[in-house]
Every structure is written in structure tokens, then in C-alpha cells.
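This report concerns only the one structure given below.
Taken together, the values in this text are just the output of simple stated rules run on the coordinates, not laboratory data. Please read these numbers as outputs of a predicted model, since none were measured by experiment. Here the Cβ positions follow ideal geometry from the backbone for every residue, glycine too, while neighbour counts run over all protein chains shown.
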Amino acid sequence: MIPDTKKHKKQSVLQCFMLALLSACFLIAANTMFHSTQWITDEVSNYQKHKEAFLQSSAVNTTKLEHRDSGMSACLLVMDDNHFLIEWLAYHYHVLPLRHLIVAVDPRSQTSPASILDRYRTRINITLWNDTDYYTANQKEREEAEYWAERKFGSDIPKSLIQHRARQRLFYYHCMQHLKAAGRDWTLLTDSDEFLRINYHTVHQVSNPATGSIIVPPVSEEGSVLTFLQHNQHNPALNLSTFSPCLQIPRIRFGTVEPENGHAYLGINASALQTTRFRTHAKSGNYPLNRISKVLVNLKQVPWEDLVPVESIHLPLKHWCKRRKLHIRTHQQVLVLHHYIGTWQQYSFREDARTGNERSAQSYQKAANVAQETDDAIFPWLQGFVEHQGLGTAQELLKDVGEVPVVAQVPSVNSRTTPAKESLANKEPPVKPLRWLPTDPPTPSIQLLPLAATNQTKAPLVLAEGVESVEGDDEIAPPDKIDWDKAFP
């Protein structure tokens, strides 16, 4: 009986060992499943969190539209830009077509865009933010953004500039998060003086019948940009089939030299619109004037983990937007941005948080008088807009376009009040010496006369090759002069 007892004990020990082993395997498997389930739950929770935040803000600030799932989107940070915003909204509503928009207002702004945005309450799903919606709501996030700006640009820069950079960093980050949570795809990140269109010249140059037909709707057609992107996405001639979620788009800087023909169009004062008033601009390779590219982002293709506080509006997606494409010429891209400086009154109306002499008379003069090339491809949009909306509606949507409001006092960035309008003679000259071509010395002064009366008699002023900047803007030098590690705002 003893041998049987020993055998039974051995079997019991073996069974216990096997049971312990199975229990351990079960625990390991359960732990793995738990973490996998937790990861999935976190991802779903992350999506739901952003979606609910978007819907909550939309419920307060936006009008739900029947066509909210169509069209394109945009993130726009504004400060006293109403004279540009009126045209920017009408243009992109028609040309993109813009159907979702998040607007943030700089707290230093003396004017509100609310009444202008209200014109589109039944047309565009608009959310209006202030600082509490994205900048001051999370103290830790704000402190980290301001620390990042101070570390990147130096502790000796003004507090207002640190906050300006931090505000940009968080606005575009949260804006893209909200739009992605809402299921949006193509999203434009520009300023109110920049207008996107199809680059017709380049498209026709690269067209190749052997690779398939290209659909190129005119700028007068509603939704021409989205139609172009959707129908030509897989055409190898346009390099859109292998694009990243970040389309980097060159800008061309327009001066204020006007065409000789009139500005009237079917009851619309076209001379009040940047896009139909000015047609001369800098050459494609003139980086000091054109500056670096802006972007169009396809948020549906961007993973959630890649949506982080942005380094710059020019590089909002660190892993997708490439530094080498910051200086991209117009012939290298099938889209292009028109960048307008506007009249002197428009240009000098608001304060600027950036250091330097961005709003000086000399800086304005150098940029305004550029007339290296001409381009009127954008002009027909107005005809299409009027025909599609009807003259009465078009006039109402464009009411007061280009007009600079009268503000008695404008607080400066250090909280002291200064006159809202300084005379041209009182503007500070640039600190850095301005370099001109020997054949084109600068005009000693300019007069505040209607541009139509002055531009035709001015000799165009062209920057010398290699000049680093005309306005001390937040952008960078020509490619051969770039320190890539210190180049970005």
C-alpha cells in the first residue's frame, strides 16, 4: 500500500504544479487582455472626450447645418482683422468651400468679429473661441506652452510675444483636435490676409494625358479646391496619391500696384477687395518677400498621437510637415496662397506682438511696391460668388469689406494707451539698415493718398538678392542662410 500512497502523492503534487502553472498562464493572459482592453478603451475614451468637447462647444457657439458633413474646415486666429475677414470668409466659403470654422480672438483685439461671423450662421458651422476656451482653461498646459516659447525664443523677449507664441501653439493644437473629433478632413491653417486657390499654371504644366485626365474647375466654380483634390487625388502627375496629411503650400506676396482697368463688377465695389484690386506680386523665388509656406491638413489621416502642441503654424504636424518644404516654389505645388499686404491704413491699424519693425512705414513701402510679376487668375471668383449667391446676398455678405474701423484709443502691449492712428512721419524707422538694389534707392517718404493715385507713378522697389527680411517677421531667411535648429517661431 505504501508504493500506491507515494504514487498518489506524486500525482497530487504534479496536479498542483500543473494547476499553478495554468493559473499563472491565466493571470498573464488576463493581464495582457486587460492592458489591451485598457488601451482600446483609452483610445475610444480619447476620441469620445474630444468629440464631446467639440459638440459641447458647438452647442453653445455654432449653428448646426444640414450640410455640416460636407466642405472643408479652417482654424483662424484673428486680431482686429475685420477689414480682411469679410473678404476671407466670402472667398473661402465659395472657393473651398468652407463649411466648418473655428475662430479665436486675440484678447488684445479692439474689435470683435462676431457680427461678421453672424452673417454666415446658416451657411458655415462656426465656433468662436476666446482665451478661456483653449489657452487659460488648463493652467499647466499654458505654463508649459509659455515655458516652451521662452526657451525657444529667448527669455529677453517681451512677455506679450511669449504669450503670442504660446497662444498660437495651443490654438492650432486644440482646433485640430476638435475638428478631428468632429470627423473633419481637409483643414486650412492660414491668416485672414491669405487666400487659397488652385495653381492653374502649374497644373497645366504638369498635365499628362498618358497618366489620366485632370479635372481642373475654374476659381469661379463653387468648391473648386475640394473638387480638384477629390477628383485628382490618385493622378500620379500631380503627386497627390503619395501626399502626407500635410500639404505645404507656397505663398506669393502681392503689392499694391493696381490694374489700369476699373474695379466695378455687377454692383460690387471690387476695388475694396484685395483679391480683385491687386495683381502684381513678388517672384516665386523671392523668399524674403514671399516667406515660408502654410499648410492644408487632412485630419482624417493624422493619428491622434501626432496631434500635439504645434511648433509653428508652418509646421503644425511635426512628423508630417517637412522643413525642406518650407521654401517651396509655386511650380512645385498644385495649390497656391495669395498673401496681401493691403493699404497702409489696413496694414498699420493694429498693434503687433512680434518684436522689430513690422508695422513701420519703410517696411510697408518695400513690400507694397513689389511688381515683379502679375497674376489675375483669382479675379473670376467674385463673378462666381455673385452668380451663386445673388447680387443682394453677395452685397450683404461683403458689406463694409476693406473698411478700417475708427477706434479712439488702442492699448499698447504694455497696457499704456496710445493713439489708434499715428501719422506716417511718427512711425519708427527700422533698426536694421535696409538693403536695396543700387538702381532702386528707397523713396524718402510716402504720402497717405489713395493708392490708385500714387501707385502708377511709383517706381517698383525690388529687394536685393539675399536680403534676409523686410519686416522682421516670424519667418526665416533664404534656404542657404538657414540655421534649421533656430529657424522657427
**OP:** Given a cut-off of 23 Å, name the pairs among 283/318; 283/366; 140/300; 294/322; 140/294; 159/294 whose C-alpha atoms lie farther apart than that in the structure shown.
**Re:** 283/318; 140/300; 140/294; 159/294
Original post:
Restricting attention to the alpha-carbon atoms of the stretch 115-251, what are Rg (one decimal) and Dmax (integer), both in Å?
Top reply: 19.6, 58
**OP:** At 7 Å along the Cα-to-beta-carbon direction for both residue 403 and residue 206, put a label point, then send me their distance in nm to one decimal.
**Re:** 4.3
Original post:
What value does the stretch 80-178 have for Rg/Rh, both radii from Cα atoms and Rh as Kirkwood defines it?
Top reply: 1.03
**OP:** Can you pull the one-decimal nm distance between simple spin-label points at residue 376 and residue 215, each 7 Å off the Cα toward Cβ?
**Re:** 3.0
Original post:
Mind listing the phi-derived Karplus ³J(HN,Hα) values for the stretch 248-258, rounded to whole Hz, using 6.51, -1.76 and 1.60 with θ = phi - 60°, and x for any glycine or proline?
Top reply: 8, 10, x, 10, 10, 8, 9, x, 10, 7, 9
Original post:
What nm value, rounded to one decimal, do you get for the distance between residue 70 and residue 227 when each label is placed 7 Å out toward the C-beta?
Top reply: 1.2
Subject >> J(HN,Hα) series, the stretch 129-136, from Karplus relation 6.51 cos²θ - 1.76 cosθ + 1.60, nearest Hz, glycine and proline x >> reply: 9, 10, 4, 5, 7, 8, 10, 9
Subject >> Residues whose placed amide H lies under 5 Å from that of residue 125, excluding near-sequence neighbours >> reply: 100, 101
Subject >> Förster-model FRET efficiency, 25 Å R0, residue 132 and residue 110, C-beta, rounded to 0.05 >> reply: 0.85
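Cβ neighbours within 10 Å, averaged per peptide: list 247-253, 326-332, 199-205, 178-184 in order, most packed at the top.
247-253, 178-184, 326-332, 199-205
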**OP:** Loop only per DSSP, at most 16 neighbouring Cβ atoms within 10 Å: give me the trypsin sites (Lys or Arg not before Pro) in the stretch 72-161, ordered by residue number.
**Re:** 121
Original post:
Quick one: length gained pulling residue 308 to residue 191 fully straight, 0.36 nm per residue minus the C-alpha distance?
Top reply: 40.1 nm
Original post:
With θ set to phi - 60° and the Karplus curve 6.51 cos²θ - 1.76 cosθ + 1.60, what are the ³J(HN,Hα) couplings of the stretch 329-335 in order, to the nearest whole Hz, using x for Gly and Pro?
Top reply: 8, 4, 6, 9, 9, 8, 10
